[in-house]
Amino acid sequence: MEQSEVVQLEHHENKNEVRNVTIILTILTIVELVLGFWMMKIDQPNLRLAIKGSIVILMLVKAFYIVGYFMHLKHEIKNLIMTIIVPLMLFVWFIAAFLYDGNSFKNLRNNYDPHFKEKSTQKVEAKEHNAEHGATTHDATEEHKEH
Amino acid sequence: MQTATTANPKWWNGGKSPFNVEYGKLMMWYFLMSDAFTFGAFLISYGTIRFSTNGWPDPNVVFQSFPFLGSGLPLMFVSLMTFILIISSVTMVLAVKAGHENNKQKVVTNLVWTIIGGIAFLSCQAWEWTHLHHEGAWWGANPFLNADGSQSSTNFTNYFFTITGFHGFHVFSGVIINIIMLIMTLNDTFEKRGHYLMIEKAGLYWHFVDLVWVFVFTCFYLI
């Protein structure tokens with residue numbers, strides 16, 4: 001019934017496609033984690049930024065594989081691909097404009113509101129927060145009430 | 001079902017779907033697109049606030065615990081959660097594939113694995129939320145300092161709990177949808193209908209949940 005309106009197009013699908021995409025996603029995730037662990041040992045802001053950029057690119061590659069192969073969008077006809085992907089292009093503006101705005105707000109406040117800058121960069125005493133919950137649960141909540 | 005494989009049908013001439021998918025699947029795609037904008041708005045809002053703030057907590061300090069193994073293990077638990085979701089996405093693909101072959105037994109097996117994966121992910125998230133709550137973190141409460149040792153605001157926990165909570169709610173609905181698909185398969189609903197296309201729509205939703213986690217995982221835990 002429903003499917004009679006759908007034209008069955010020839011499939012050029014690889015038989016091992018699911019397995020291959022699974023392996024690719026696993027490898028990409030492992031690379032992301034390796035970068036994440038590496039970043040913990042690094043203090044240079046520029047290198048950290050470069051690693052973060054690489055992680056974001058890997059994230060987009062993973063998104064491509066999930067949408068393209070698992071959600072099958074790559075094997076649909078062009079009309080469907082376009083009706084989904086073109087509206088999502090708004091994100092390019094959305095991300096660029098808002099992150100730029102956030103960054104600009106920070107710079108303006110740091111430049112024109114010395115009190116804000118002093119307050120937000122002042123070191124405070126590290127609070128007790130042990131990962132062992134249970135024993136320290138009480139302390140943690142108590143501590144938190146004081147603020 | 002038509003078996004025409006003409007090279008380039010005139011899609012916009014009428015009489016057939018110009019997108020070459022059945023109505024329900026097209027609507028699922030549009031719903032997922034709108035949902036992508038919702039999640040996108042959440043994550044971009046988070047990014048804007050983070051860019052406008054001088055300091056931010058270090059995720060490797062906040063998320064460093066593993067059940068039964070204690071603390072000092074950054075990234076480990078969240079990697080486990082990520083792999084659970086990827087594997088459950090794979091079993092969902094296999095369930096959809098089995099549906100194309102009208103193989104009921106294989107559909108059931110793979111749907112059960114997908115549901116187990118979803119429940120495992122939700123359990124992990126429940127553990128993590130409970131653990132963070134015990135440390136004093138919640139909406140409006142942030143016990144963690146910024147990475148540079150300065151006082152941090154509650155923006156960090158507010159965004160974390162809102163966005164992972166919204167994602168967790170999607171996982172929960174996905175599990176419910178998959179359970180309904182399993183019951184319908186066991187009742188031979190699809191067998192009588194002659195096709196398993198409904199599983200495909202549930203599959204799209206489930207992969208979307210996995211897709212969103214890729215973004216949440218990167219934005220909160222990695223960078």
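Every number in this text was worked out from the coordinates using simple rules, so none of it is lab data. These numbers come from a predicted model, not from an experiment. Here the Cβ positions follow ideal geometry from the backbone for every residue, glycine too, while neighbour counts run over all protein chains shown.
Using only the C-alpha atoms, the convex hull of the protein assembly as shown corresponds to 150 Å³ per residue. Checking the cross-link filter: which lysines have an alpha carbon closer than 23 Å to that of residue A:119, excluding same-chain neighbours under 8 positions apart? Straight-line reach from residue A:119, under 23 Å: A:106, A:127, A:145.
Can you give the angle from 0 to 90° between the axis of helix B:197-216 and the longest principal axis of chain B, with both taken from C-alpha atoms, to the nearest 10? The angle comes out at about 20 degrees.
State the Cα centre-to-centre distance between segment A:10-67 and segment B:154-207 in whole Å. Cα centroid to Cα centroid, the span is 25 Å.
Pairs with C-alpha atoms separated by more than 26 Å, drawn from the list B:25/B:104; A:15/A:62; A:15/A:78; A:62/B:10; A:74/B:97; A:62/B:192, are A:62/B:10; A:62/B:192. Relative to the longest principal axis of the Cα atoms of chain B, the long axis of helix B:23-51 makes an angle of roughly 10 degrees.
For chain B, calculate the relative contact order in percent as a whole number, restricting contacts to Cα pairs under 8 Å that are 6 or more residues apart. All intermediate terms of the calculation are to be shown ahead of the outcome.
Working: 209 pairs, mean separation 60.3, N = 223.
Rounded, it is 27 percent for chain B.
Here B:131, A:75 are placed in order of increasing Cβ neighbour count within 10 Å, fewest first, which gives A:75, B:131.
In this rough spin-label picture, where each label sits 7 Å from Cα along the Cβ direction, the residue A:113-residue A:19 distance is 5.9 nm. Ordered by the count of other Cβ atoms within 10 Å of each Cβ, fewest first, A:76, B:135, A:17, B:101 give B:101, A:17, A:76, B:135.
Peptide packing: for B:203-210, B:167-174, B:148-155, B:215-222, the average count of neighbouring Cβ atoms within 10 Å per residue gives the ranking B:203-210, B:215-222, B:167-174, B:148-155, highest mean first. Using R0 = 30 Å, the C-beta based FRET efficiency linking residue B:189 and residue B:120 works out to 0.65.
Per-residue mean of foreign Cβ neighbours for B:136-143 is 4 (Cβ atoms of other chains, 10 Å radius). Once the convex hull of all Cα atoms in segment A:1-75 is built, its volume per residue stands at 106 Å³.
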